[in-house]
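Each remark here refers to the structure printed beneath this line.
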Amino acid sequence: MPKSIILNETHTGHFEDLLRCPICQHTLSLVDRKSLICKNKHCFDLAKQGYVNLLSHGIKSKYNKTLFESRKNLAQSGFFEPLNSKLCDLISSEAKSFDRSLNIVDAGCGEGSNLASIQQKLYQHTGRMPSCVGMDLAKEGIQMAARDFEDSFWCVADLAQCPFVDHAFEVILNILSPANYAEFERILNPDGYVLKVIPEKDYLKELRAVFYAETDREDYTNAKTMELFENHLALTEIVPVHYTRTLAKPLIENLVHMTPLTWGAQEERIDRILKLDSLEITVDLAILVGRKKG
Ligand SMILES: [Zn+2]
């Protein structure tokens with residue numbers, strides 16, 4: 001029996017209303033409390049871990065379990081909390097203009113830590129539990145999210161074929177993860193907004209300095225990301241998030257295993273970081289706030 005996930009309980013109708021078949025785009029209905037089925041009989045079973053795989057075809061993700069476990073350990077240490085607090089502030093100041101609880105999707109949620117933290121903070125701030133959906137292409141991440149965070153709906157899904165109805169969400173979170181703006185525009189409520197978190201030039205600069213000294217990856221620019229965002233959405237605000245954290249040994253390892261910066265770095269340079277007893281690391285991010293163009 002699938003465990004008693006939110007989809008099976010009081011919120012069933014609500015989450016069903018947000019979903020659509022990724023193959024034929026018809027609505028999905030929960031049948032026998034264990035499968036989502038459209039009228040063309042495309043069927044997606046709930047996994048016993050409490051998530052649903054809504055991929056229309058198999059896709060191999062390059063993100064693996066080690067990466068997600070490392071990311072989760074780092075998140076539990078509070079590494080992303082200043083970012084999550086800032087995202088919560090932005091959402092709760094807007095939430096007042098809606099007379100019901102918000103529908104929020106985290107597109108590219110990984111192992112779900114950011115979304116789960118933001119959901120709890122919003123509940124504390126506003127007294128309302130937002131309806132949160134986490135989606136990611138990597139099954140390993142979604143499995144961990146469903147295991148650890150039962151208050152959200154988790155699905156494996158492809159950003160290019162989001163399994164959600166038009167205008168489903170008031171808030172789309174997209175945190176250090178690729179975007180699909182055509183789909184974002186489609187699933188975004190006309191009064192809603194996209195919060196996209198991007199790295200700024202000093203993000204994890206201490207790693208970059210060792211891994212990529214004197215190569216073209218030593219410096220980072222997000223100019224192309226900004227340009228793409230503004231091609232699709234009206235950029236209404238840029239909120240900087242800048243802080244440092246001192247990491248002890250186990251967390252240094254987690255950081256190294258979590259970040260794609262490690263991919264392509266020389267072993268010898270990675271070892272140099274792993275041998276450190278302590279590392280002060282810079283988190284330098286920006287939150288782009290975007291709305292539909294008028
Ligand atoms: Zn279908």
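Read the figures in this text as sums done on the coordinates, not as results from a lab. Quantities reported herein were computed from a predicted structural model and do not represent experimental measurements. Virtual Cβ from ideal backbone geometry, glycine too; neighbours counted across all protein chains shown.
Can you give the charge dipole size of segment 6-291 about its Cα centre, rounded to the nearest 20 debye, using +1 on the beta carbon of Lys and Arg and -1 on the beta carbon of Asp and Glu? My answer is approximately 640 debye. Taking one quarter of the surface of the convex hull spanned by the alpha-carbon atoms of the chain gives a direction-averaged projected area of 15.5 nm². Counting only cysteine Cβ atoms and a cutoff under 4.7 Å, the chain contains unmatched residues Cys24, Cys43, Cys88, Cys109, Cys132, Cys155, Cys162.
For Ser35, neighbours were defined as the other residues whose beta-carbon sits under 14 Å from its Cβ, and their charges (Lys and Arg +1, Asp and Glu -1) total +2. What the Cβ-Cβ distance of Glu237 and Arg269 gives, at R0 = 35 Å and to the nearest 0.05, is a FRET efficiency of 0.40. Ignoring aspartates and glutamates fewer than eight residues from Lys139 along the same chain, the ones with Cα atoms less than 20 angstrom from its Cα are Asp45, Glu69, Asp106, Glu111, Asp148, Glu150, Asp151, Asp158.
Against the chain, whose longest principal axis comes from its Cα atoms, helix 249-258 is set at around 60 degrees. Mean sequence separation of contacting Cα pairs (under 8 Å, at least six apart), scaled by the length of the chain, corresponds to a relative contact order of 18 percent. Placing pseudo-labels 7 Å out from each Cα toward the beta carbon at Gln120 and Ser97 gives an inter-label distance of 3.0 nm. Once both axes come from the Cα atoms, what is the angle between helix 139-148 and the longest principal axis of the chain, in degrees from 0 to 90, rounded to 10? That helix lies at roughly 80 degrees to the long axis. For segment 77-113, the list of trypsin sites (Lys or Arg not before Pro) that fall in a loop by DSSP and count at most 10 other C-beta atoms within 10 angstrom reads Lys96, Arg100. Annotation for segment 40-91 versus segment 178-222: alpha-carbon center distance of 18 Å.
Largest GNM mean-square fluctuation across Ser101, Ser29, Ser61, computed for the chain with C-alpha springs under 10 Å, falls on Ser61.
Among Thr244, Thr225, the order by Cβ neighbours within 10 angstrom, fewest to most, reads Thr244, Thr225.
Local charge for Ala75 was computed over the other residues whose Cβ lies under 11 Å away, with Lys and Arg +1 and Asp and Glu -1, and equals -2.
Taking other Cβ atoms within 10 Å as a rough exposure proxy, His232, His57 sort from fewest to most as His57, His232.
Positive end of the dipole of segment 6-291 (Cβ unit charges, origin at the Cα centre): among Leu90, Met226, Val156, the Cα lying farthest that way belongs to Val156. With 28 Å as the limit, the listed pairs Lys224/Lys275; Lys205/Lys293; Lys65/Lys96; Lys39/Lys293; Lys60/Lys224; Lys224/Lys292 have Lys224/Lys275; Lys205/Lys293; Lys65/Lys96; Lys39/Lys293 beyond it between alpha carbons.
Loop-located trypsin sites (Lys or Arg not before Pro) in segment 207-290 (DSSP state not H, G, I, E or B) with no more than 10 neighbouring Cβ atoms inside 10 Å: Lys275.
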